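The values are calculated or read from the model by the stated rules, or taken from the named source; none is laboratory data. These numbers were taken from a predicted model, which means no experiment stands behind them. Note that each Cβ is placed from the backbone with ideal geometry, even for glycine, and that neighbours are counted across all protein chains shown.
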Amino acid sequence: MKTNKIIYIFIISLIMIACEPVAAPTDSNYDPESKLKELGIELSTPSSPVANYVNSVRSGNLLFISGKGPLKNDGNYIKGKLGYDLTIEQGYEAARITAINLISTVKASVGDLKKVKRVLKVTGMVNAAPNFTDHPKVVNGCSDLIVEVFGDRGKHTRAAVGMGSLPSNIAVEIDMILEVVD
């Protein structure tokens, strides 16, 4: 019985340590916002949700970003179905623009992109014709930019899946989960 109490106390201690806030990493070369400037990318104000949800939710050190689409600076979305209306290259560009919109939402949520400790997961949904099978090549547009901006901290797990349709016929919708620090 005494051994069980010791194990229980040990496990609780580990859980408490794991839940403590983590300080921001101190890598002096890590500056995602400078990287965006270097790439000539300006972040925008995140679009407002169109239904009963929010752009982001933070729980502890996890930041969940709602699905975003390829909203361009002119206020129009890249629309169409991969395999019918759009090429892989056009889909890649749509996913890249979506990555910019995701990063804009992260910045609005945490204030400073240096607070991103790690991009954990990206889920890319591609508006695709039934015979289209190059979903990963499209979602690479998002993943490539995320890694370019956040470096090794941007390397993430991912799903790239095809959908029969997406809201307003947008080309892609992508969401993201990150670990952030205070």
* Structure fact -> Contact list, first residue from the stretch 28-52 and within 17 Å of VAL147 (Cβ to Cβ), second anywhere and of a type in the set (Phe, Trp, Tyr), beta-carbon distance below 7 Å, six or more apart or interchain, is PRO32/PHE150
* In the stretch 156-168, how many residues are more than 12 Å from the chain's Cα centre (by Cα) and in a strand (DSSP E or B)? -> 4
* Inter-residue pairs, beta-carbon under 6 Å, first β-branched (Val, Ile, Thr) and in the stretch 72-94, second outside any helix (DSSP H, G or I) and crowded, with 19+ Cβ neighbours inside 10 Å, 6+ apart -> ILE78/PRO70; ILE78/ALA171
* Asked: Would it be correct to say that LYS107 is within 16 Å of ASN169 (Cα to Cα) and touching a residue at least 12 places away in the same chain (Cβ under 8 Å)?
  -> no
* Asked: Among the residues of the stretch 142-155, is there at least one that is over 17 Å from the mean Cα position of the chain (by Cα) and surrounded by 16 or more Cβ atoms within 10 Å (Cβ to Cβ)?
  -> no
* Considering only residues of the stretch 119-157 that are of a type in the set (Lys, Arg) and touching a residue at least 40 places away in the same chain (Cβ under 8 Å), which is nearest to ALA95 (Cα to Cα)? -> LYS137
* Test: LYS137 is surrounded by fewer than 19 Cβ atoms within 10 Å (Cβ to Cβ), charged (D, E, K, R) and closer than 19 Å to VAL57 by Cβ -> no
* From the list SER104, SER165, which one is surrounded by fewer than 17 Cβ atoms within 10 Å (Cβ to Cβ), at pLDDT 95 or above and not hydrophobic (A, V, I, L, M, F, W, C)? -> SER165
* Asked: Name the residues in the stretch 24-56 that are loosely packed, with under 14 Cβ neighbours inside 10 Å and under 26 Å from SER165 (Cβ atoms), would you?
  -> SER48, PRO49, VAL50, ALA51, ASN52, TYR53, VAL54
* Asked: Which residue, of LEU86, LEU178, LEU113, is out of contact with any strand residue (DSSP E or B) (no Cβ under 7 Å at 6 or more places or on another chain) and buried (at least 22 other Cβ atoms within 10 Å of the Cβ)?
  -> LEU86
